[in-house]
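Student: So that we are looking at the same thing, I have put the structure below in structure tokens.
Every read-out reported here was derived from the displayed coordinates using simple, explicitly stated rules and does not represent laboratory data. From a predicted model like this one, the values you see are computed outputs, not experimental measurements. In this analysis, Cβ positions are derived from the backbone assuming ideal geometry, glycine residues included, and neighbour counts consider all displayed protein chains.
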Amino acid sequence: MTITTVEIESQPAVWRRALQLTDTATGLLRRPDERMLVVGCGTSAFMADSFAILRETAGFGPTDAAYASEPARPRHYDAVLGLTRSGTTTEVADALRAVPPGVRKIVVTGVADSPCAALADEVLVLDFADEQSVVQTRFPTSFLLLARAAFGEDVSSLPDAAAAALADEPEVLTGPTYDHFVYLGRGWTNGLTQEAALKIREAAQAWAESYPLLDYRHGPLAVAHTGSLVWLLGADDPDLREQIAATGATTVARLAPDPLVELVLAQRLAVRTAGRRGLNPDNPRYLTRAVVLD
């Protein structure tokens, strides 16, 4: 069994532990009317996108998400949140150093004594969710679960829901082999679809895409074929599913009671696909645990 597989399957237990930090996360993440910018790279950028929509929709102030590797936006923020599993990502550290004086700096990381943590005014450490694997799985999902709890959602049932989904996985994970994977979402689940597609690319070196649900018919539908799996993650639209089915592609929707649990299943699909392609998801080519630049 691969390390990545072990970490995917550990998520129900890790999520339960994350929820014990709800009060701490609430104090850090949901100060009313605070304008916040959330930055990250790769997986963390996708989680930043989901987080920003969830926070603003919950009524805790304007929230933007951005890639840490892109130039800072010329706007005023009361707080900047940096997401970095390792705490060593160069672009996140540079973004934190560029934050103007007087702006609160928060870091969510898996490593307490890391360069990014040292740059922050406040740190949320999820060291129990840190991973050995290069491919991120339980760290980002634990952060997003905890954020949803901090914003007032009742997510207490999700650890058990994830355990049940992993124990009784849908046929799409064990059935036909696909050569093309598409993930479609709406609102905050768009970040999850980007992450699901990244897992396939990282672990299995396979062709994977992600789009907002209803934008899929505006061009990308043209490449759907019998080898395509189109996963409507956390969203559904019967008319769109009918259009996709006409291409010969396989469509699935709402494979679990919550989009975050669906992402766990998408992680497992990535590992399964890697195995079918003769690849080890613990050693994705050209990738390292963190991008640290000279």
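Student: If I take R0 = 35 Å and measure r between the Cβ atoms of residue 218 and residue 127 in this structure, what FRET efficiency does the formula 1/(1 + (r/R0)^6) give, to the nearest 0.05?
Tutor: According to the calculation, E is roughly 0.25.
Student: Still on this structure, please answer the following. Under a GNM of the chain (C-alpha, springs under 10 Å), which listed residue has the highest mean-square fluctuation: 156, 142, 44?
Tutor: With Cα springs under 10 Å in the chain, the top fluctuation among 156, 142, 44 is at 156.
Student: Ok, one more. Taking the Cβ of residue 195 as the centre, find all other residues whose Cβ is under 12 Å away and add up their charges (Lys, Arg: +1; Asp, Glu: -1).
Tutor: Every neighbour counted, the sum reads -1.
Student: Please pull out the direction-averaged projected area of segment 135-294, using the convex hull of its alpha-carbon atoms, in nm² to one decimal place.
Tutor: The number I arrive at for segment 135-294 is 10.6 nm².
Student: Local charge sum around residue 133 (other residues, Cβ-Cβ under 13 Å, Lys/Arg +1, Asp/Glu -1)? Spell out each step's value before the answer.
Tutor: Details: positive: 85, 138, 199, 289; negative: 7, 9, 130, 131, 202, 282.
Overall, the nearby charge balance is -2.
Student: Using alpha-carbon pairs under 8 Å, 6+ residues apart, how would you state the relative contact order of the chain in percent?
Tutor: 20 percent
Student: Quote the charge dipole size of segment 1-152 about the Cα centre in Debye, to the nearest 20; the model charges only the Cβ of Lys and Arg (+1) and of Asp and Glu (-1).
Tutor: Approximately 280 debye in magnitude.
Student: Just to be sure I understand, if you calculate log10 I(q)/I(0) by the Debye sum over Cα atoms at q = 0.06, 0.14 Å⁻¹ for this structure, which of [x] -0.24, -1.06; [y] -0.18, -1.01; [z] -0.18, -1.13 do you get?
Tutor: Answer label, from the structure shown: [y].
Student: Which percent of Cα pairs goes in each bin when the distances of segment 104-204 are cut into 5 angstrom slices starting at zero?
Tutor: Reading the bins upward from 0: 2, 9, 14, 19, 23, 16, 9, 5, 2, 1.
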